[in-house]
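The values are calculated or read from the model by the stated rules, or taken from the named source; none is laboratory data. In this text, all values refer to a predicted model and were calculated from it rather than measured experimentally. So basically every Cβ, Gly included, is an ideal-geometry build from the backbone, and we count neighbours across all protein chains shown.
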């Protein structure tokens, strides 16, 4: 039979373990978003036959495709910043939330660019996977109140 102190300790231990598991899932999601965003950018560059830094090989690309390329690059950079802020332990209010809002705005711009740009099913699937990671870390909930 457990004493009330032992029961309280068990509950606290269970909560700590649950919080640790949740933190680990969030850390993996932050890394996944950054990694997937970089992969998406590289994949789109390859599909268009250009690099963000050098479009000389295909200057005749449609404006909407170039715009989406820039939006994906901005999202990939925002994802890297967000991951760096998370790793640095800036999980409180302020700077970390700023990176979250930047990441969300950047994601919205990618969504808008996808409405007109040419992309294939693979691009759409990769973007859906990134959006699932964004939902998993509940970025909308944690940054929308500010």
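Okay, residues lined up against (1) surrounded by 12 or more Cβ atoms within 10 Å (Cβ to Cβ); (2) modelled with pLDDT under 90; (3) on the phi < 0 side of the Ramachandran plot; (4) under 10 Å from the mean Cα position of the chain (by Cα):
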site	(1), (2), (3), (4)
76	yes, no, yes, yes
90	yes, yes, yes, no
103	yes, no, yes, yes
116	yes, no, yes, no
123	yes, no, yes, no
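Which residue is nearest to residue 33 (Cα to Cα), if the candidates are limited to the stretch 53-73 and must be surrounded by fewer than 19 Cβ atoms within 10 Å (Cβ to Cβ) and under 20 Å from the mean Cα position of the chain (by Cα)?
70
Looking at the stretch 6-25, can you tell me whether even one residue there is part of a helix (DSSP H, G or I) and modelled with pLDDT of 80 or more?
The answer is no; no qualifying residue exists.
What are the residue pairs meeting all of these: first residue in the stretch 40-54, first residue within 11 Å of residue 73 (Cβ to Cβ), second residue at pLDDT below 95 and not in a helix (DSSP H, G or I), Cβ atoms under 6 Å, and 6 or more apart or on different chains?
Every condition considered, the pairs that remain are 45/51.
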